[in-house]
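Where a number appears in this text, it was derived from the coordinates with a stated rule and is not lab data. If you're wondering where the values come from, they're calculated on a predicted model, not measured in any experiment. Ideal geometry is used to build each Cβ from the backbone, glycine not excepted, and the neighbour counts take in all protein chains shown.
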Amino acid sequence: MNDRAVAHMDLDSFFVSVECLRDSRLKGLPLIIGGGSDRGVVSSCSYEARRFGVRSAMPVKLARRLCPDAIVIGGDMELYTRYSAMVTEIVKGASPLYEKASVDEFYLDLTGMDRFFGTWKWMVELKQKVVRETGLPITFALSTNKTVSKIGTGEAKPDGQLKVPIGEERPFLSPLPVNRIPMIGNKTYAALCSMGIRTISTLQEMPANAMHQMMGQNGLIIWKKANGIDETPVQPYQEHKSISTENTFEVDTIDIKMVRTLLAAMSEKLAYKLRRKNRLTGCITVKVRYSDFNTETKQLKIPYTSNDKTIMDHVQRLFELLYQRRMLVRLVGVRLSDLVSGSYQISLFEDTPSNIELYQVMDRIRNRFGSTAVQRATTLGASFREYDK
């Protein structure tokens, strides 16, 4: 598949860029987007702040210590979501096939579009269109596959563009540190460094079976990526994909306290499922079916999130608005839709580092022992069915 043409586009410091559009006086200043107090975490930061060592997921208190002159803004996910939708519409309108990988990045499959030079020119024009119509800086890279293009985007930032021609994948990757490979996190990086593997060139020189013996199937995948081999397809973006749960009561009920407990359990389990799939939801729907079989729903567009409490709160408010007939309830359900890829981290404007660590520990327990291994006391015993759509 050497004749593929795959581009990766990534908005530069997306949240920061949106804030600078809202207030141009912030341009060029060390800016931190995060929790409203020192107990929060950094969700995003400007390049000026990064020079002081500030990074995403860092406690705001530490970030302030590293960069005392930084301006800290609580963040506005509703505004960021609107700008993400604007860019998505531009990409959607121009691209034959695209994948929305997160709120601020996209993959585009341009295979067969007038060969490589024509594709490059097309991508330059698309970048210019995004900048012109939204005011947001965006970087892209073009190569034969998703891995090389994503790494290329990282090398071209900020506000850059990069082409890795067919056959040049290995030389391009060779001098880079191994943690540039997308699937290599801190633990894998530390393990590789302990084996003396610090650059991608070292990985390229190793036999594939040696990596397989040391790290199993993941080792083989890492070796392939290091050698510029990645046949992963660009997945068409499906905005209406959803996950949902519902429960039909054995006996129609008017026990609203019990119904609210069930809705909380539904929200908790769906939020965990989102995080496990590395997804965020942008739309919540609550359904109520009464004893006379009339069914009513209410829907709410929200800033992308996979936060338990955020989803629970919205579900409870929707139910409060929905349950107006004061009659027996036959069925309740919750649906999360408008799903995009993305990590839990980006929605944590109000969480503290200790809360984040707690969620991560709870999820690790669930991953190992099952989704009901850890639950809130208020949701114990609630059961329901789940659906993927």
Run down the lysines and flag those whose C-alpha is under 30 Å from the C-alpha of LYS127, throwing out any fewer than 8 positions away in its chain. LYS27, LYS92, LYS100, LYS146, LYS150, LYS157, LYS163, LYS224, LYS225, LYS241, LYS277, LYS301
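Net charge within 14 Å of LEU318 by Cβ-Cβ distance, Lys/Arg positive one each and Asp/Glu negative one each, not counting LEU318 itself?
+3
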Order these by the 10 Å Cβ neighbour count, fewest first: LEU321, LEU136, LEU79. LEU321, LEU79, LEU136
Beyond 15 Å, what share of the Cα-Cα pairs of region 168-236 is found? Please give it as a whole percent. 48
For MET312, MET258, MET266, MET195, which order do you get if you count the other beta carbons within 10 Å of each Cβ and list the fewest first? MET195, MET258, MET312, MET266
Mind listing which GluC sites (Glu not before Pro) in region 129-197 are in a DSSP loop and have 11 or fewer other Cβ atoms within 10 Å? none
Hey, what D do you get for region 1-105 in µm²/s if you plug the Kirkwood alpha-carbon radius into Stokes-Einstein at 4 °C and 1.567 mPa s? 86
Can you sort ARG180, ARG50 from fewest to most other Cβ atoms within 10 Å of each residue's own Cβ? ARG50, ARG180
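Calculate, in nm to one decimal, what THR111 and LYS257 gain on full extension: separation in residues at 0.36 nm each, minus their alpha carbon distance. Don't jump to the answer; show the numbers that get you there.
Numbers: separation 146, 0.36 × 146 = 52.56 nm, distance 5.52 nm.
Extra length from THR111 to LYS257 when fully extended: 47.0 nm.
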For GLU296, net neighbour charge (Lys/Arg +1, Asp/Glu -1) across residues whose Cβ lies under 9 Å away: +4
